[in-house]
Amino acid sequence: MPDQASTISSEVDLLYAFLVGMTLFFVGLIFLMVAIFAIRYRRRSSDEIPRPNFGSLRLEIVWSVIPLLISVGIFIWSASVFFDIQRVPANAMQVYGVGKQWMWKFQHPEGNREINELHVPAGRPVKITLTSEDVIHSFFVPAFRIKQDALPGRYTTTWFQATKPGTYHLFCAEYCGTQHSGMRGSVVVMEPAQYEAWLSGDASGGSMAARGEKLFNQLGCVTCHLPDGSGRCPSLVNVYGKSVKLITGEELVANDEYIRESVLHPNAKIVDAYQPIMPTYQGQVSEEGVLQLIAYIKSISSQVTEGTAAPGTTTPGTALPGATTPGAGTGTGTGTGPTPPGGAGSTNQSTPGGASAPNGINRSGQ
Amino acid sequence: MSTGTLRTEDHLVEPGHLNYINNGYGLKSWLLTIDHKRIALLYLISITTFFFLGGFFALLIRLELLTPAGDLMEADMYNRMFTMHGMVMIFFFLIPSIPAVFGNFLIPMMIGARDLAFPRINLLSWYIFIAGALFTMAAVVLGGVDTGWTFYTPFSSTYSNSNVALAAVGVFITGFSSILTGLNFIVTIHKMRAPGMTWFRMPLFVWAHYATSLIMVLGTPVLAISIVLVALERLFRIGIFDPALGGDPLLFQHLFWYYSHPAVYIMILPAMGVISELVTCFSRKRIFGYTFVAFSSLAIAVYGFLVWGHHMFVSGQSVYASLLFSALSFLVAIPSAIKVFNWTATMYKGSISYDTPMLYVFGFIGLFTIGGLTGLFLASTGLDVHVHDTYFIVAHFHYIMVGGAIMGYLGAIHFWWPKITGRLYPEGWSKFATLVIFVGFNLTFFPQFLVGYLGMPRRYHAYPDEFQVYNVMSTAGASILGFGYLIPMIYLVWSLKYGAVAGPNPWGAAGLEWKTPSPPPTENFPVTPIVTEEAYSYSKQEAEVVGQ
Amino acid sequence: MSDSEHVLQHHFDDLKQQHEASTLGMWAFLITEVLFFGGLFAGYAQYRIRYPGAYAAASHHLDITLGAINTAVLIASSLTMALAVRGAQTGRRKATAGLLMSTVALGLVFLGIKAVEYSHKFHEHLVPGPSFSFDGPRESQLFFSFYFAMTGMHALHMIIGVVLVTIIAWFAWRGRYSPEYFSPVEVTGLYWHFVDIVWIFLFPMLYLIGRH
């Protein structure tokens, strides 16, 4: 049994133990019957002909219905465990993970960036939003019993609440090419106080929202998306988490996916009464950069606080402190162009990862 | 046509009688044959070759995994090893195995026909199989493929640097071999049964192959189209699976698993059909619950098409889709359970002999039950999240495919070898080999359940140190298993020249195929039999067959 | 007139069994083709539901006139095919051969028009891949990918059909078929009708999106 290090682990292990027991029971039963019959009814003379059997409808029903009932029971039990795995608690803190061949890049909203290592506090629910820069990867922490594929072009999420401090394996669990088995790392669970200390230990770059604001200016978004709405494009103040009406008449909630799509594929959804004039920023901003932009846009929506709500919902809260100060960071060219390796200052591991192929470019070979 | 009662003694002929093997010599008579029995042998030789090729890749994988570091071969090479192991074993060994060898050989004989409905299409299917194999081998020889047998996009369509399109074309071509075989079986079973051979008098082997054929014809075309789309995307960059162009990588997974899940039933149903034949013969009893076993094959074929999403619980598909697939996946286990119970009940108060084929029955029932029950672990969404893409999955499917399907295949070889070749093999050696295979198999794959639950992911070239002990056990087991597979090669080939001459029915089995000489004549039956007995009529001394 | 004894294959008991087997075999094969095209239809459907605007914009670039003509051509060819089968059933050798060759001719017309359409698309840079360029939503490329995959697959089946029907026409001219033995004509007809029906689905799915 791997370490039980999250609130889900023991639930999953209990289900597993039951299934193991049930398997042993039925295997033992069949094994026993076959052995007993094979010995007791072994052929004693070469021309013996046993009396025929005639089947039994009652027996067929019994051994169809009993497995069916057991199956229904297990299904319900496992579905309830599955719901627990999938349902993110409302008060989960947020982290972001970007998988790329062959490394994991994590960002905390407060600005800490890590490669192949993720620091989290014990005793708090942590929601991780995942995406990939290239192929499908999968975020797997055996000790937490969780796994979630990270897909290019969209966000997936999972969550966990670590129960005991320690360092736990992190694996990529979806085959992704040459260094798939090297795309490993750790989740470092700390006592809450130590975690806070660790968080504030990395002062460079500013929070994600601050970096996002910097990008927003650097990429020229601010020239059209004027905050007072007088520009050619909608103001983005107080947009996150609210309902948006499109020119097609459709209404949707402005969530992470919507903002990402607007940055990378702006003509997919046009806001009502505006023109499709926004250029695409695909290739100019990395997935991490997009996440930072989203954090910034979240921060200028007054009713959403980073880390206390799931995207797409509106909850009362305070704005992220320091969100509007321009990033005091070292200007390491965050996000403009191919992703720079690592962030400054946080406890990085050296990256076993290798070369990456930017989105959509075909390599040689048929 | 003459009338009269044909009794089994009339078929005791001297060795050297005219039969399908000596009826015409020369390469041309074999390569242009339309005799289903000769085509079966052509398949036997081909798939045995591929079995050992796939096994060779497995050996290299297990050698690498002896140590935690990736020190035997480069990561890229390792990725090609497991890809090609999977591709060769699945497409060029398991899927054809029992249907193409034993289905081809036996189905016409079991239903009293002279050949399949479309003998030339049967030969064509073998040539298509070889053509597909050549393309895939070209991909192997020219540097290999490294996408995994599952070809997931966008890695396969955009990022891989290996011969993906070539391998995809090879698999695409081979798929048509499968489709044509299935089509042939369906029409044969519908239209060519001898007089008196009603559906419910057919051997369960035939029912199993009918169900398998349904899957072959309904599922394989979707694999074909998925593979074609990957190849097109690779060659022309059309963007169907590329998110940057609006495409969806998950579309591939849905299309792929729509075939590949039913494909696993293509691999196991024929083996189940074999077990029904063997357990009845070596218990000398009719099958307990014939109708239930027959319909359970059809149920598995139908349900098998409804569960593909259980490969995708963590892929990003919706929670509700996952739950639906989970529920259906539990249901599909029930017909398999029904079969296991019926086979066990068949043995009750029977007359059990321990000939080698029966040993394979014992092995199958035990290992398939374990493998099948571990399937319930995987159908459980809450648990699958943890074990998906770990060695737990690898262990599960090897229990079914090796512990189940290959045991069934070897059981079939040992049961029908006398009929196919006219020779008996040395029983002592065959029993020994069975034991070695059983021990080697369990030592190889049981530790993989444990290391998988501990978290070792699959397709890993190097792994954390704490997983080593399980990998060492697994590699030790694999060596024993490999050795076990070599033993039958030796004594079976030996028996061709030195084995005792088998009469028409060395096992005292029921079934029309045992009413013919061993080896059978080209036309199978000199007169079309009229069937008056149900299948497995062991309660009578001999079944009466009345000539037309 | 043909000698029906020569055409009975050795493994069948009588011509009736042989005929039923070949017909069932063709139906089973056509069902595999339904699944084959079905995979493409499923992919097409997923993206249509997701990007209706892009699909409509792309569909407007297809030549609806040529598509409609092709539809009429194929329907006519199914008529000549059905009449050819009838001709074989009633032993009219020359009529059968002539109707089969008319079917071939109509099939070639279809393929010719398709070639014209494809060359237009090539010149308009609407073939997916590096040279694709479209003034509209980028997802329109997905539409064109499926357009070419589906009509290309269909055209491939048409080419096979044309070859098959030509062969059967040759045998018909040589007097091989009779009221006792005409199943090759019948099963070829089944195949041809199937290929026609696929087009009946493709035409509205591809050419008629968003048109009123």
Could you give the size of the charge dipole of the protein assembly as shown about its Cα centre, using +1 on the Cβ of each K and R and -1 on the Cβ of each D and E, expressed in debye and rounded to the nearest 20? 1860
Amide H neighbours of residue A:161 under 5 Å, at least 5 residues apart or on other chains, H built in the peptide plane: list them. A:7, A:8, A:126
Cβ-placed point charges (K, R +1; D, E -1), dipole of the stretch A:93-201 about Cα centre in debye, nearest 20: 220
Let me cross-check residue C:26: its accessible surface, 1.4 Å probe, with only protein heavy atoms counted, in Å² to the nearest 10? 40
Acute angle (nearest 10 degrees) that the helix B:356-379 long axis makes with the longest principal axis of chain B, alpha-carbon atoms: 30
Inter-chain shielding of A:136-149 (mean C-beta neighbours from other protein chains, 10 Å cut-off): 5
Expected 222 nm ellipticity per residue - DSSP helices of 4 or more, -39500 (n - 2.57), all of the protein assembly as shown, to 500: -18500 deg cm²/dmol
Within the stretch A:91-140, list the GluC sites (Glu not before Pro) lying in a DSSP loop whose Cβ has at most 16 other Cβ atoms in a 10 Å radius. none
For the interface of chains C and B, what total accessible area is buried with a 1.4 Å probe, rounded to the nearest 100 Å²? 3000
Helix B:319-347: angle to the longest alpha-carbon principal axis of chain B, degrees 0 to 90, nearest 10? 30
The stretch A:93-201: translational diffusion in µm²/s, Stokes-Einstein, Kirkwood Rh over Cα pairs, 10 °C, 1.306 mPa s: 116
Rounded Å value of the spacing that divides the Cα centres of the stretch B:402-459 and the stretch B:511-541: 30
How many Cβ atoms of partner chains, on average, are near each residue of A:56-65 if near means within 10 Å of its Cβ? 4
Of the trypsin sites (Lys or Arg not before Pro) in the stretch A:216-269, those whose Cβ has at most 15 other Cβ within 10 Å and which sit in DSSP loop: A:232, A:242
Would you kindly find the accessible area of residue A:221, with a 1.4 Å probe and non-protein molecules such as ligands, DNA and RNA excluded, rounding to the nearest 10 Å²? 20
Gyration tensor (alpha-carbon) shape descriptor, the stretch C:11-207, a/c threshold 1.5: prolate
Report ³J(HN,Hα) in whole Hz for each residue of the stretch B:244-256, in order, from the Karplus equation J = 6.51 cos²θ - 1.76 cosθ + 1.60 where θ = phi - 60°; Gly and Pro get x. 5, 10, x, x, 10, x, 5, 4, 4, 4, 4, 4, 5
Relative to the first principal axis of the alpha-carbon coordinates of chain B, what is the inclination of helix B:427-454, with its axis defined by its Cα atoms, in degrees from 0 to 90 and to the nearest 10? 20
Using only the Cα atoms of the protein assembly as shown, build the gyration tensor, take square roots of its eigenvalues as a ≥ b ≥ c, and label the shape rounded, prolate or oblate: rounded if a/c is under 1.5, else prolate if a/b is larger than b/c, else oblate. oblate
Restricting to DSSP loop positions (anything but H, G, I, E, B) with no more than 10 other Cβ atoms inside 10 Å of their own Cβ, which trypsin sites (Lys or Arg not before Pro) remain in the stretch A:23-78? A:44
Tell me the relative contact order for chain B as a rounded percent, counting alpha carbon contacts under 8 Å between residues six or more apart. 20
Between residue A:138 and residues 5 or more places away or on another chain, the pairs with built amide H atoms under 5 Å apart involve A:150, A:173, A:174
Using only atoms on other chains, find how many Cβ atoms lie within 10 Å of each Cβ of peptide B:155-163 and report the average. 6
Sorted by accessible area with a 1.4 angstrom probe, largest first, how do B:120, B:62, A:145 fall? B:120, B:62, A:145
With every protein chain in place, the protein assembly as shown: carbon and sulfur % of accessible area (1.4 Å): 67
Quick check for me: using +1 on Lys/Arg Cβ and -1 on Asp/Glu Cβ, what's the dipole size of chain C about its Cα centre, in debye to the nearest 20? 400
Roughly speaking, what is the centre-to-centre gap between the stretch B:101-167 and the stretch B:31-90 when only Cα atoms are used, to the nearest Å? 13
For the stretch B:387-481: rounded, prolate or oblate by the Cα gyration tensor [a/c cutoff 1.5]: prolate
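The values are calculated or read from the model by the stated rules, or taken from the named source; none is laboratory data. Small disclaimer: the values here were computed from a predicted structure and weren't measured. Quick reminder, even Gly has a Cβ in these numbers, built from the backbone with ideal geometry, and neighbours come from all protein chains shown. What goes into the accessible areas is simple: the full protein's heavy atoms, side chains included, and nothing from ligands, DNA or RNA. Shrake-Rupley method; radii C 1.70, N 1.55, O 1.52, S 1.80 Å.
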